[in-house]
1. Quick one: order B:231, A:236 by neighbouring beta-carbon count within 10 Å, fewest to most.
2. Rounded to whole Å and sorted largest first, what semi-axes of the equivalent ellipsoid does the C-alpha gyration tensor of the range A:186-314 yield via the square root of 5 times each eigenvalue?
3. Within 10 Å of each Cβ in peptide A:331-344, how many partner chain Cβ atoms are there on average? Round it to a whole number, please.
4. Please arrange A:328, A:147 by how many other C-beta atoms lie within 10 Å of their C-beta, fewest to most.
5. Which whole-percent values make up P(r) of chain B when all C-alpha to C-alpha distances are grouped in 10 Å steps starting at zero?
6. I'd like the per residue volume of the convex hull spanned by the Cα atoms of the range A:273-356, given in cubic angstrom.
7. With everything on Cα atoms, drop me the angle between helix A:200-212 and the longest principal axis of chain A, reported from 0 to 90° to the nearest 10.
8. At a Förster radius of 41 Å, what calculated FRET efficiency corresponds to the Cβ-Cβ distance of residue B:71 and residue B:32, to the nearest 0.05?
């Protein structure tokens, strides 16, 4: 009896077994990662966004289905560099990457993202047409907002109609621009010049015209918010979600859907080609499009659902969302242009637009 | 317990020297290995990257070209960033020495029982991170900050003066960070200088300024050089303060490296800029060191 319960194992056998397990793990042969444990490694921004992903997707949707989501939190720049550096490895370190549409464009160019299989995303059928995965097959959208014109009615008594208000000489000295928003500001300039978001030549000319009016350039959205609060400036373009946050914080600002078009800001997910747990990655992408998860982000973060079946309270929808007429103004960034010209856009911004 | 070499035979002496050598190797080995793996290897990789080519959308393409270095020295934007960095580093170092010298001397010579507390006060700014310290400067130097409000309240200015996002703000911000390092370096040097030599100078009729110029400064010169080099290197490589207090239109080399890697994904050029920054810092530091050593010997 005793022998059956506790089989005799020699010291050498134990050591050999341990070495075999360690060797197999080192070679990536074991079931340690992903599949067997149903663990999904989600690489994402930290802070509130990561907390909300856990609160609205990982715990309530994926938890009951037996998935365990582990967050790997870092800034997108580091995460993108890691995905590229891991390109040659058979197995990467993440299953899902949280990215924006413009990040996706860059990573698609270096061929590190999986082309998504629509059949594995049952909720994709609910996506609003403008965010269709078919248009960007490596990107599964999650939440969105749009660039609107934001103004302080005390400093700008007449409500602006479009982005071109920033170019109006009578608003000189009241215009603020955010440095880290250089890509979207360049796209907005292209729209003002009558082009599409990828018309860089038109954008360059328009930006040089704007430069003549000496807009104040702030390093971050937060710095601009402070300048709006102190009425150093009173006119800019900004994400509607941010405007809502600033209004909540007491800033005297209103927003207008610009006539030139509302450039969308879409945050979502991609799957690295060498994701260890592909099934888990698809499960996460699908869960992120669940109506309940989308509604949670609208309430807690002020960003809009990308699926039509999510229900947002009318009062909230009025504040964060866009009406049917405004939705017609949606313009997506030209991802193909950005993938190959991002460095050129930044160069122009630094050397021409910002230069004294 | 050591046995003199003369008393040993040639073989035993060689054995003792060999033993010393192996002990030395054992002591130096771990640090050397750490530096090799943690510093020299990444530097070598960085240098190799700097010779690669950048193709938009592909991040980095294997090549063997010096075009990144050529681009840096031929583009006025990058040259301006480099000269601006040198200028700021020079000014900050000079100011740190001018302000730090008397403070360090006073700290070294004080007989106060609160001496340790005074040293702690000097080091206090280093207790908070760069970003937090910069945030403090922002509230002080902003358009509606303490300084502008005070100037307007006193009737000295009618409109707010733009302090933030200027070279002035960056110099003040970096100086506040580096000054404690310079003061502590100088203080330790002054502590080692015998007070009697100063008294001797005074007794021979030297005034305070002459004493400082002819006695104190030459004796403290190695320490002054060490403090200055320390301050210069820190300023050349400053990142957080130029970004937070200099604003979007003020570019120094540290932030420039970051932008190449992070915003443009141009790793080869970012590596080249890093290498240029590192080389310039090393060359200038070595040159200053040599200059001081030569002067010190004479």
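1. Ascending number of Cβ neighbours within 10 Å: B:231, A:236.
2. Taking √(5λ) for each Cα gyration eigenvalue gives 33, 22, 14 Å.
3. 2
4. A:328, A:147
5. 6, 18, 23, 23, 17, 9, 3, 1, 0
6. Given the Cα convex hull of the range A:273-356, per-residue volume reads 195 Å³.
7. The two axes meet at around 50 degrees.
8. 0.70
FYI, it's all coordinate maths here, none of it is from the lab. From a predicted model like this one, the values you see are computed outputs, not experimental measurements. A quick note on method: Cβ atoms are made from the backbone with ideal geometry, for glycine too, and the neighbour counts reach across all protein chains shown.
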